[in-house]
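Student: Sending over a structure as structure tokens; questions will come in a sec.
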Amino acid sequence: MLVVLVLSFTAAGLCINQAEAKPAPSPDAQKTEAEAAKVDSSAKPAAEKTAKPAAAKADAKMAPAATAAAAPMSPQMGTWTLNEAKSKLAPATGKNTTVVYSAAAKEMTKVTVEGVDKDGKPTKGTWVGKFDGKAYPVKGNLAYDSVMYKMVNERTNDISTMKDGKVAWTGKIEVAKDGKSRVVTVNGTDADGKKFKSTAVYDKK
């Protein structure tokens with residue numbers, strides 16, 4: 001028993017001596033560790049502060065695009081085909097069999113029309129402008145060289161066509177409430193000086 005106790009005390013003494021023998025860090029080392037910890041703690045908030053404005057800036061750039069994508073499209077936009085059975089066309093005038101409204105640059109609208117003239121010859125014209133009551137030029141072989149659209153309300157536009165600065169005919173374009181059809185009513189004077197009235201009905205393709 002005495003031998004066991006002596007050995008136990010001896011082992012305990014060795015453990016204590018080893019623990020005490022571990023050298024304590026120098027003051028310079030302690031200072032270095034404290035500075036490193038301070039740098040780490042300050043670096044994280046700085047990084048977070050930098051990341052948040054960058055993310056907010058990216059969100060701000062995306063916001064206009066999202067708003068534009070969510071904006072409602074005009075009922076006039078799209079492809080319209082003539083429903084000749086429902087229309088009452090003036091015999092001395094041509095007809096537009098297909099009309100396409102599409103978006104153009106600088107918040108403008110592009111209107112492309114295809115059809116035939118009063119003699120049955122193919123016609124095609126392209127107009128680019130705004131529905132602001134101002135005349136914009138037309139490119140193609142139509143009977144007029146400029147067109148003015150004026151928005152009356154969301155579904156209705158007034159229209160006037162000009163040739164060499166003179167009004168050829170005026171009318172109204174009205175889209176049905178369900179957006180599936182539209183009616184174009186036109187009043188004007190033909191090449192022979194006779195007044196005419198024409199009503200064209202178009203279906204949304």
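Student: What's the number of the only condition in (1) open to solvent by less than 30 Å² (accessible area, probe 1.4 Å); (2) part of a strand (DSSP E or B); (3) in contact (Cβ under 8 Å) with a residue 60 or more places away in the chain that V138 fails to meet?
Tutor: Only one criterion in (1) open to solvent by less than 30 Å² (accessible area, probe 1.4 Å); (2) part of a strand (DSSP E or B); (3) in contact (Cβ under 8 Å) with a residue 60 or more places away in the chain is unmet by V138, namely (3).
Student: Let me ask you something else. Starting from the stretch 176-200, take each residue that is among the acidic types (D, E) and list its partners that are outside any strand (DSSP E or B), counting only C-beta distances under 6 angstrom and pairs at least six apart or across chains.
Tutor: That search, which allows pairs on different chains as well, returns D190/A92.
Student: In addition: Here's a check for you: in the stretch 103-115, which residue that is open to solvent by 40 Å² or more (accessible area, probe 1.4 Å) and at pLDDT 95 or above is nearest to the chain's Cα centre (by Cα)? Quick ask: steps written out before the conclusion?
Tutor: We begin by selecting, within the stretch 103-115, every residue open to solvent by 40 Å² or more (accessible area, probe 1.4 Å); these are 103, 105-108, 110, 114.
Adding the requirement that they be at pLDDT 95 or above leaves 103, 105, 108, 110, 114.
Working: A103: 10, A105: 12, M108: 13, K110: 16, E114: 27 Å.
Step by step, filter the stretch 103-115, then rank; the result is A103.
Student: Across the stretch 116-135, what is the total count of residues that are open to solvent by 30 Å² or more (accessible area, probe 1.4 Å) and among the aromatic types (F, W, Y)?
Tutor: 1
Student: Moving on to the next point. Kindly indicate whether any position in the stretch 57-80 is of a type in the set (K, R) and at pLDDT below 90. Before the answer, list the steps.
Tutor: The first filter runs over the stretch 57-80 and keeps only residues of a type in the set (K, R), leaving 57, 61.
Subset that is at pLDDT below 90: 57, 61.
Yes, the stretch 57-80 contains a residue that is of a type in the set (K, R) and at pLDDT below 90.
Student: Can you tell me which residue within the stretch 88-102, out of those that are of a type in the set (A, V, I, L, M) and touching a residue at least 24 places away in the same chain (Cβ under 8 Å), is surrounded by the fewest Cβ atoms within 10 Å (Cβ to Cβ)? Write out each step before concluding.
Tutor: So the first thing to find is which residues in the stretch 88-102 are of a type in the set (A, V, I, L, M), and the list is 89-90, 92, 99-100.
Restricting the remaining residues to those that are touching a residue at least 24 places away in the same chain (Cβ under 8 Å) gives 89-90, 92, 99.
Numbers: L89: 17, A90: 20, A92: 12, V99: 21.
Checking each candidate, the answer is A92.
Student: Which of the residues spanning the stretch 166-186 are farther than 19 Å from N83 by Cα and touching a Ser or Thr at 6+ places or on another chain (Cβ under 8 Å)?
Tutor: Restricting attention to the stretch 166-186, the residues satisfying the condition of being farther than 19 Å from N83 by Cα are 166-170.
Selection gives V167, A168, W169, T170.
Student: Let me ask something else. When you look at G140, is it of a type in the set (G, A, S) and either touching a Gly at 6+ places or on another chain (Cβ under 6 Å) or modelled with pLDDT under 95 (or both), yes or no? Give the derivation first.
Tutor: On the way: of a type in the set (G, A, S): yes; either touching a Gly at 6+ places or on another chain (Cβ under 6 Å) or modelled with pLDDT under 95 (or both): yes.
So G140 passes the test.
Student: Another question about this same structure. Considering the stretch 120-151 alone, what residues qualify as being more than 22 Å from K166 (Cβ to Cβ) and more than 31 Å from the chain's Cα centre (by Cα)?
Tutor: G120, K121, P122
The values are calculated or read from the model by the stated rules, or taken from the named source; none is laboratory data. In this text, all values refer to a predicted model and were calculated from it rather than measured experimentally. When we count neighbours, we look across all protein chains shown, and the Cβ atoms used for this are built from the backbone with ideal geometry, even at glycine. Areas reflect the complete protein model, heavy atoms only, side chains present, ligands, DNA and RNA absent. Shrake-Rupley method; radii C 1.70, N 1.55, O 1.52, S 1.80 Å.
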